[in-house]
1. Could you identify the single residue in B:ALA92, B:ALA116 that is at pLDDT below 95 and among the aliphatic types (A, V, I, L, M)?
2. Return the total of residues in region B:1-26 being touching a residue at least 40 places away in the same chain (Cβ under 8 Å), surrounded by fewer than 19 Cβ atoms within 10 Å (Cβ to Cβ) and not in a helix (DSSP H, G or I).
3. Check B:ASP160 against each of (1) within 14 Å of chain A (Cβ to nearest Cβ); (2) acidic (Asp, Glu); (3) within 25 Å of the chain's Cα centre (by Cα) and name the one condition it does not meet.
4. Is it the case, given these coordinates, that A:PRO266 is closer than 13 Å to A:LEU190 by Cα and within 14 Å of chain B (Cβ to nearest Cβ)?
5. Mind checking which residues of region B:360-374 are buried (at least 16 other Cβ atoms within 10 Å of the Cβ) and within 17 Å of B:HIS82 (Cβ to Cβ)?
6. Of the residues in region A:38-61, how many are under 13 Å from the mean Cα position of the chain (by Cα) and at pLDDT 95 or above?
7. Having 2 or more residues that are in contact (Cβ under 8 Å) with a residue 24 or more places away in the chain is the bar; report the helices (runs of 4 or more DSSP H) wholly within region A:347-453 that clear it.
8. Anything in region A:226-263 that is modelled with pLDDT of 95 or more, in a loop (DSSP other than H, G, I, E, B) and of a type outside the set (Ser, Thr, Tyr)? List them, or say none.
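The values are calculated or read from the model by the stated rules, or taken from the named source; none is laboratory data. These figures come from a predicted structure and were not determined experimentally. A quick note on method: Cβ atoms are made from the backbone with ideal geometry, for glycine too, and the neighbour counts reach across all protein chains shown.
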There are 2 protein chains.
Amino acid sequence: MNQKISILGAGLVGSLLSILLQKKGYQVTIFERRSDMRNLTLSAGRSINLAMSMRGWAGLEMAGLREEIEQIAIPMYGRQIHAIDGSQTFQAYGKNNEAIYSVSRGELNKKLMTLAEKAGVEILFNQKVIDINLENNLIQIENENGINTSENHDIVIAADGAFSALRNAYLKTDRYDYQQFYIPHGYKELTIPAGVNNSFLMEKNALHIWPRKNFMLIALPNLDGSFTCTLFFPFEGEVSFQSIQTDEDITTFFQTYFPDVMSLIPTLLSDYKNNPTASLVTVKCYPWIYKNKNMLIGDAAHAIVPFYGQGMNAGFEDCRLLMGIIEKNDMNDWTQIFKQYQQARKPQGDAVADLALQNFIEMRDLVADPTFLKRKKIEKELGKLFPAVFNSVYEMVSFSHTPYFEAISCQQAQDRLLEKVMQAGEFEKLIPTEDFKNQLNDWMNEYAEEIKKIKLIV
Amino acid sequence: MNQKISILGAGLVGSLLSILLQKKGYQVTIFERRSDMRNLTLSAGRSINLAMSMRGWAGLEMAGLREEIEQIAIPMYGRQIHAIDGSQTFQAYGKNNEAIYSVSRGELNKKLMTLAEKAGVEILFNQKVIDINLENNLIQIENENGINTSENHDIVIAADGAFSALRNAYLKTDRYDYQQFYIPHGYKELTIPAGVNNSFLMEKNALHIWPRKNFMLIALPNLDGSFTCTLFFPFEGEVSFQSIQTDEDITTFFQTYFPDVMSLIPTLLSDYKNNPTASLVTVKCYPWIYKNKNMLIGDAAHAIVPFYGQGMNAGFEDCRLLMGIIEKNDMNDWTQIFKQYQQARKPQGDAVADLALQNFIEMRDLVADPTFLKRKKIEKELGKLFPAVFNSVYEMVSFSHTPYFEAISCQQAQDRLLEKVMQAGEFEKLIPTEDFKNQLNDWMNEYAEEIKKIKLIV
């Protein structure tokens, strides 16, 4: 008898996980709140491009979907920074030409759903989960037939996102630790259309950033030559969504802060006025599991802000590592599987949430700071000189499988090391000297224990 | 037309607030989930004594209830520390013989309810609030007639405790910041009965503590000569509620850690086995208000752990300061009243939550630490020598109206100052010397700006 696993949510994580579990031999059903997105044209202004990096690819590979998605992924080798005077500079992400990949969330999700159905997964749409009895996995579902109780779920896995119904049920249990908080910024999508013959009007293979200290605009390339732009902007304050309301406000604001991009967005006024303003939540909670009955995964367990491009990547890593844990145990011993999963992933969920919050400051402010840029340059050189010891936190997060909390844990030591190197004098002049090389060697040895964390193996 | 204010919860804060608002001229109704406690004998094991201090008294005074409650309050002038060898030491709370007061929660609550009804407040019992429509204050209530919608609430004030129904409705709104977390310890009540002729079997006028590093037992006196004891103890671990289960476990545990108290609790085994084990939550949330419609107060806004004895005191201070704000505004301008209330009280709610968590470590561990005791002694001396400048954080919290966050803010400066004084040498030997007095004077001047925070006026 194959166990019946019910997954809540047919988003990226739910769909991928369903494929992996079904292939493993379970009988998987997905309950999805919305209607089948494959029959709809995506609603404007909420598309959001993904930045797929190493952890995301590893999840897709496990499901045998890597090559297919590579066809629709655009490599971005670094940040293209747009200064207010229109000048642009390029900052590579890695020292070995590594890239993160712009992928359409909608396209990826549709492909995953179709693959899931091919693998034998049943996806039920328009099923709104109202409540779940944690002890017996009875699910109250609202659909076209009203509200009914759905039975026979051996295991329930909630991949139902930042406002998870299962997590709401957890929240009512005794001793549940829970935290949700919003940053003061929201976001709004804008679109830079393609040029003639689907040409790209800006550099195609980069993630574009217009850093403006307390806010920023970013743009990611799409296959059709367009760019999806996102304005990350405070809700309230002197220069904010609240203060920019009229056509004139909008025009003046973009002329002041983003003069070079204005001409590229012909639908600026209607985009700004019609597209929704969305908020950005972080969620930390504990436990992620209930006995041997049900568990949280992806955003349901660790909703994060999008600034490290790690939301989907972390969710796919959850799936991949959960499968590894199932592999190592009796596949029906969910007490053990859940325990090991939670122990492995909870510290990572917290860490990636913190990394994502930190990276907002880096993106909107620091990338335009000369000292920061100097530091980035030195980081890269150190990485080349000491590849086995020194890797930047960004590289560990995006181009390795280093646990997120280990990437964070070496950050302070790296800061201290970089501080020393920068105080020694002008790096480029010093680096050819034998003395400085010896000095660097000594420092590297001194810090090796603390900063040598990178894990490249899946 | 008097505005109709509906209060959720007839606990201490809800009952006190109803009196203050009714006297101010509003028409107040309270919806209470439980039945009328005045008709019940209190269920054993959940009584909990209160430690009433200055802020609590000020609230009662405002309602004209101070003298009546003084009749049933037992002053506790300090901590009576019970070492494991049975030896006892006394640590005074204040330098001027100040006391905190042991009061029965049940008795106080009953008196407040009766006074509320006398003032014209209507208290409806057995009314379970299911949900609230924030925009129009329609309240869904479950009572003996089933679930119905209750209308005509101009203003709703939720004093419905750590699991507030109004706060649950807030939690579903966009951009709601929310945090709840539990400490690893729970608590269980035990009782030391009175001796012959209602005599006290231990020192009456003290708060008794058996500090055992990671856990502790405390005892507060009751009017009838008994003491209500509370064991604060980890849920899990080597020595924990989980590990102490059988009669033999219980007996061995008390013989090992609390040998002097065992003989005083004849019902130890049945108390331990029959009384519930309760958990300890901290809640921080924001906002506390919704437009000009409804607001949170007391535990509903800032549930805290009990280790500073400030839960009720902070709630009563909420009430008193809210009334002050109403006084300063048009009494029907709730937009203004709510705004000012939130601005004044939110930082205080966060601060008292942090103070309460800190004080657990002080109570269960530090009070038995020689260095800590030396420091306490010096604190007291400094307070006597420089009464206008130096007051301990404990004194500010318990014996003044200093805003909680100001008490916290001077803690670090006090730590640095005390460090200096303690490193200077043996305080008692140094203090008679003129040189040291001058040195102290200099230090006090140096730190005065940072530590001079105390506010004694109501």
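1. B:ALA92
2. So the count comes out to 3.
3. (1)
4. Working: closer than 13 Å to A:LEU190 by Cα: yes; within 14 Å of chain B (Cβ to nearest Cβ): no.
No, not satisfied.
5. Correct list: B:GLU362, B:MET363, B:ARG364, B:ASP365, B:LEU366, B:VAL367, B:ALA368.
6. Count: 7.
7. Once the helices (runs of 4 or more DSSP H) in region A:347-453 are filtered for at least 2 residues that are in contact (Cβ under 8 Å) with a residue 24 or more places away in the chain, what remains is A:370-385, A:393-398, A:404-409, A:411-423, A:434-451.
8. A:PHE235, A:GLU236, A:GLY237, A:GLU238, A:VAL239, A:PHE241, A:GLN242, A:ILE244, A:PHE258
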